[in-house]
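The values are calculated or read from the model by the stated rules, or taken from the named source; none is laboratory data. None of the values given here were measured: they were computed from a predicted structure. Please note: Cβ atoms are built from the backbone with ideal geometry, for glycine as well, and neighbour counts cover all protein chains shown. Note: areas computed on protein heavy atoms with side chains; ligands, DNA, RNA excluded. Shrake-Rupley method; radii C 1.70, N 1.55, O 1.52, S 1.80 Å.
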Amino acid sequence: MTNQSPIISVNKITKTFFNRGQPQKILDQISFDVQRGELISILGKSGCGKSTLLNLIGGFDLEKEGEILLDGQVVNQPSRRCVMLMQNYGLLPWRSVLKNVELPLENTGMSKKEIRERAKYYLHMVGLGDKLDAFPKELSGGMQQRVAIARAFVIQPEVILMDEPFAALDAFTRYYLQDELIKIQEKENTTILLVTHDIDEAIYLSNRIFMLSANPGRIYQELKIPSSRPRDRSSLQFQKYREIIFRNFHFNHPIAPIELNV
Ligand SMILES: Nc1ncnc2c1ncn2[C@@H]1O[C@H](COP(=O)(O)OP(=O)(O)OP(=O)(O)O)[C@@H](O)[C@H]1O
């Protein structure tokens, strides 16, 4: 993997928002490369700039200092090669499951037959082959997110940006979808950048975890997780990574009091 040119290069990105005329530096000199097929998690406390970073990488926000490259080309607009998967699914309620997944392929020059076959393929892949004609409101939250996952993969993008995709789901559904995500990602060799608050999710899924500090957001630690997937959430090794992350967040916020009721 390391000999290839990176699919994403983030070079010295600084982002400043203006709130009531006052500049607020949200991201400061963020730099990293992502190789094809990697799954990277970005962990950090609320408001540290994780979503802002994803929006910049996706080309949804172009106001910044520094440069972002997608496969060697400057990102200056959103592209079908790099799509975003949101937490709130974003399905159209009046379209069936199948038609929701077909949507991004419409008006692309593909034939109706090709579109249908490809949409069905990805819906089967996320285990919804028997729900093609259902409407979103007839599905559970987990199923709706599976439709959204199929709709992201159907475009066959090189990169999927995920902003807390499983945050609204219960733990069991989350675990299930995490496994499904790994399976599809490995099969398609898709590169994924995942923003999450969930430390276990980051350890379970990622090749690398970037820990972001706040005010301004900087990557202050990168954690490589070389072990193969699927991973054992109860293993000692898994606990070791949890400990490293907890320790890092504590070190990064030394003024945060720890209260022990003993
Ligand atoms: N359009 C905007 N205008 C001004 N300030 C903004 C804008 N968007 C985000 N911010 C500010 O930038 C900071 C980072 O926001 P962002 O949503 O990237 O954080 P986050 O780490 O994703 O947070 P969370 O985990 O709570 O979703 C916050 O202080 C937010 O108030």
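Across region 112-143, what is the number of residues that are aromatic (Phe, Trp, Tyr) and outside any loop (DSSP other than H, G, I, E, B)? The qualifying residues number 2. For VAL74, indicate whether it is away from the ligand (no atom under 16 Å from the Cβ), buried (at least 17 other Cβ atoms within 10 Å of the Cβ) and among the aliphatic types (A, V, I, L, M). Here the answer is no, as VAL74 does not meet what is asked.
When region 18-39 is filtered for residues that are open to solvent by 80 Å² or more (accessible area, probe 1.4 Å) and at negative phi, the ones remaining, listed by number, are PHE18, ASN19, GLN22, PRO23, LYS25.
Filtering LEU56, LEU62 for residues that are without any contact (Cβ under 8 Å) to a residue 40 or more places away in the chain and either open to solvent by 50 Å² or more (accessible area, probe 1.4 Å) or within 12 Å of the ligand (Cβ to nearest atom) (or both) leaves a single hit, LEU62. If only residues of region 33-53 that are closer than 21 Å to ALA167 by Cα and aliphatic (A, V, I, L, M) are counted, the one that is nearest to the ligand (Cβ to nearest atom) is LEU53.
Name the residues in region 33-49 that are among the charged types (D, E, K, R) and at pLDDT below 95, would you? Within region 33-49, LYS45 is the sole residue that qualifies.
For the condition under 15 Å from the mean Cα position of the chain (by Cα), away from the ligand (no atom under 15 Å from the Cβ), within 23 Å of SER206 (Cβ to Cβ) and open to solvent by less than 20 Å² (accessible area, probe 1.4 Å), ILE8 qualifies.
Name the strands (runs of 3 or more DSSP E) wholly within region 144-262 that hold at least 1 residues that are modelled with pLDDT of 95 or more, over 15 Å from the mean Cα position of the chain (by Cα) and surrounded by 20 or more Cβ atoms within 10 Å (Cβ to Cβ)?
Strands (runs of 3 or more DSSP E) meeting the threshold: none at all.
SER79 - would you say it is within 16 Å of the ligand (Cβ to nearest atom) and under 25 Å from VAL195 (Cβ atoms)? So SER79 does not fit the description; no. Any residue at all in region 14-32 that's away from the ligand (no atom under 11 Å from the Cβ), modelled with pLDDT of 95 or more, under 26 Å from PHE153 (Cα atoms) and in contact with a helix residue (DSSP H, G or I) (Cβ under 8 Å, 6 or more places away or on another chain)? No: zero hits. Has region 87-96 got at least one residue that is at pLDDT 95 or above and touching a Ser or Thr at 6+ places or on another chain (Cβ under 7 Å)? Looking through region 87-96, none of the residues is at pLDDT 95 or above and touching a Ser or Thr at 6+ places or on another chain (Cβ under 7 Å). Within region 87-110, the set of residues being basic (Lys, Arg) and closer than 10 Å to PRO136 by Cα comprises just one member, ARG95.
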